[in-house]
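The values are calculated or read from the model by the stated rules, or taken from the named source; none is laboratory data. This is a predicted model, so every value here is computed, not measured. Cβ atoms come from the backbone with ideal geometry, glycine included; neighbour counts cover every protein chain shown.
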Amino acid sequence: MDTPKTPPSVIPHQLVRYAILMYWSIFWLFNLLDKIIGGAHFLWVGRDRFAQFQKYFASTGLDSPHIANAALAVAGALEAFAFVFFAGALIHELQKNRETARRWCFVGTLLTLATFTFFSLGDHWFGDRFELLEHTLFWFISLASYLVFIHLKETGMEEQSGNWPRRQVVTTAAVSAILMILTSTAIFQHNTTDFRLRTEPITAQEVGDNIYKVAFPFLGGSTVFEQSLAQFKKSHPDKAIQHIYTVPKPLRLKKADALIFYIITEDQP
């Protein structure tokens, strides 16, 4: 009697295993690039992680940049090793070394859990509830993805033929291509519409008698500050700038990415 063949799965298990390893490899790669590049550049909008860490520690009275550097170094090292192990697991998985891939994925998952635990402790300390929610979700997603990875086995059809059904391969390729096109379009569209905000001046809003407010956009930097002052002087030739104030320090140390400063003027004689 012939042994009944295992019916093909809707999504090949091996494809899901590849997807898990690819996701975490790309995830940690871009996190590392964000720390190396920092800030906003052509086709790349990141955050200045050193400034973010220094802001967090300063909110607790630890103003030394060395403390922020040390914390950033620890976070960067954890992320770098996590990337190495997930990328290594993916390579072993492609080479059909599944037991080795499982061990590398296990270490990568441990490093991922350690990284998000490290961030969550910091979120508790600094009182950042939004980041805490984000890092907690990623902690559980990482654990769940590892459990899925180790419990998925190849179906009988995949083991016998070594190939996936043509329809599923075409569908996967089409979905991947659509996602890439949408993502690339969004990036280029953002570069066209919003990247200019890094250098364009901001129009000051009058909020009181001889008091003007300037709120930076997310991408604003020193060039925006200089251009905004130059535009203000040109637009208000009858005003003389006496003082420039930023918002109080406790407010600047909270969850605001944008800077707000006030221009105090007086009438020209």
Could you look through segment 181-196, keep only residues that are surrounded by fewer than 11 Cβ atoms within 10 Å (Cβ to Cβ) and either hydroxyl-bearing (Ser, Thr, Tyr) or under 18 Å from the mean Cα position of the chain (by Cα) (or both), and pick out the one that is farthest from Ser228 (Cα to Cα)?
Thr183
For the condition in contact with a Phe, Trp or Tyr (Cβ under 7 Å, 6 or more places away or on another chain) and either at pLDDT 80 or above or not hydroxyl-bearing (Ser, Thr, Tyr) (or both), what is the one hit in Val214, Val207?
Val214
Give, as residue ranges, the helices (runs of 4 or more DSSP H) completely inside segment 44-147 that count at least 2 residues that are at pLDDT 85 or above.
65-94, 98-126
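Can you find, within segment 234-256, the residue that is farthest from the chain's Cα centre (by Cα) among those that are part of a loop (DSSP other than H, G, I, E, B) and modelled with pLDDT of 50 or more? Please lay out each step first, then the result.
Here is the first cut: in segment 234-256, the ones part of a loop (DSSP other than H, G, I, E, B) are 236-238, 247-248, 253-256.
Still in the running and modelled with pLDDT of 50 or more: 236-238, 247-248.
On the way: His236: 40, Pro237: 43, Asp238: 45, Val247: 27, Pro248: 28 Å.
Filtering segment 234-256 for residues that are part of a loop (DSSP other than H, G, I, E, B) and modelled with pLDDT of 50 or more, the one farthest from the chain's Cα centre (by Cα) comes out as Asp238.
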So which pairs qualify, if the first residue must be in segment 127-149 and loosely packed, with under 15 Cβ neighbours inside 10 Å, the second must be hydrophobic (A, V, I, L, M, F, W, C) and in a helix (DSSP H, G or I), the Cβ gap must be under 8 Å, and the two must be at least 6 apart or on different chains?
Leu143/Leu113; Val148/Val16; Val148/Ile20
